[in-house]
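Below is one structure, written out as structure tokens; comments come after it.
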Amino acid sequence: MKKTRHFLSLADYSREEMVQLIERASELKQGLKTKAVTRPLEGKSVGIIFEKPSTRTRVSFHVGVLQLGGHAILMNSKDIQLGRGEPIRDTARVLSRYLDAIVIRTFGHENLEEFAKWSTIPIINGLSDLLHPCQILGDLLTAREAGLDIFTMKASWIGDGNNVANSWINAAKKIGFSLKLACPEGYDPAISVDGDNLTLVRDPFAAAEGSNLISTDVWSSMGQESETEVRKQHFRGFQVNREIMSRAGKPCYVLHCLPAHRGEEITDEVMESPQSLIWEQAENRLHVQKAILEFLVA
């Protein structure tokens, strides 16, 4: 029996596979513009389960399944028996008999791993507290479209060592580009920063020095709302603003996975500047997720 392939972490994929997904996403994006029809998910059904609120992940996966010819079934965890305490193993085994893949956006990464353990269909990480791999594939596609060499570029992360930062680290380990992360003490990534191309610093200006790509995210993610005021104090000085950008290389572009708290982790000026690729980045979630779905399901 063929072993089911999941998409939980970039660490599970080779450099060649990641590049293949990015290149396929680019092809699918171009095909959408030229109205080339490709429906590899014809007759397939994809479940999309959300335990966390979502705009980009929800809409991009839903639209992506439809554009590939499949049928998307959106489920809030409270609407199905998971919300009433049904074990994940039971839900996973039942849904495996109805669906062809499941996208899950959840809190604990262990929930995804449990789903994958008991599922006979692909499980796709739409976001967990630990990792956000779909986001980073979209970010790499965006960097490539801007003319950056994703193998040799200098990338920076400024802010919380959260799930997006963790996936940036996984990507750098596989692809090989330079990544400098600036996080306040006590807010380091959960993925080890071990490698000649990886650096963790406390000074955001040092992280931005000579960078071609600067990424950031909100200081308080979903589930951390009670920490907001404390985090604002600890993250003071970690805002991506004109001063930070003045230390960057040429060219240098800015990414933010959204939603943004304008005036906190990033300024309006930088978000709306010619260096911002934030809206292209958001669009590219659709295309890389279609590539992932095609790779796993078709």
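Only the coordinates and a few stated rules stand behind these numbers; no lab work does. A quick note: this is a predicted structure, and the numbers were derived from the prediction, not measured. Because the Cβ atoms are built from the backbone with ideal geometry, glycine has one as well, and the counts that use them run over all protein chains shown.
Going from the residue with the fewest nearby Cβ atoms within 10 Å to the one with the most, Trp168, Trp219 rank Trp219, Trp168. Relative to the longest principal axis of the Cα atoms of the chain, the long axis of helix 56-67 lies at roughly 50 degrees. Just so you know, the Rg over Rh for region 147-276 is 0.94, from Cα atoms, with Rh as the Kirkwood radius.
In straight-distance terms, cross-link reach from Lys174 covers every one of the lysines whose alpha-carbon lies under 16 Å from its own, apart from those fewer than eight places away in the same chain; here that gives Lys154. The C-alpha atoms of the chain define a longest principal axis, and helix 278-297 lies at about 30 degrees to it. Quick check: the distance between the Cα centres of region 58-88 and region 200-215, to the nearest angstrom? When both Cα centres are located, 37 Å separates them. So for the chain, what percent of the C-alpha to C-alpha distances run longer than 29 Å? Tail fraction, whole percent: 33. Helix 15-33 and the longest principal axis of the Cα set of the chain meet at an angle near 80°.
The residues Leu127, Leu137, when put in order of fewest to most other Cβ atoms within 10 Å, stand as Leu137, Leu127. Subtracting the Cα-Cα distance of Phe205 and Phe151 from 0.36 nm times their residue separation leaves 17.1 nm of extension gain. Residue exposure proxy: Lys290, Lys232, Lys173, ordered by other Cβ atoms within 10 angstrom of their Cβ from fewest to most, comes out as Lys232, Lys173, Lys290.
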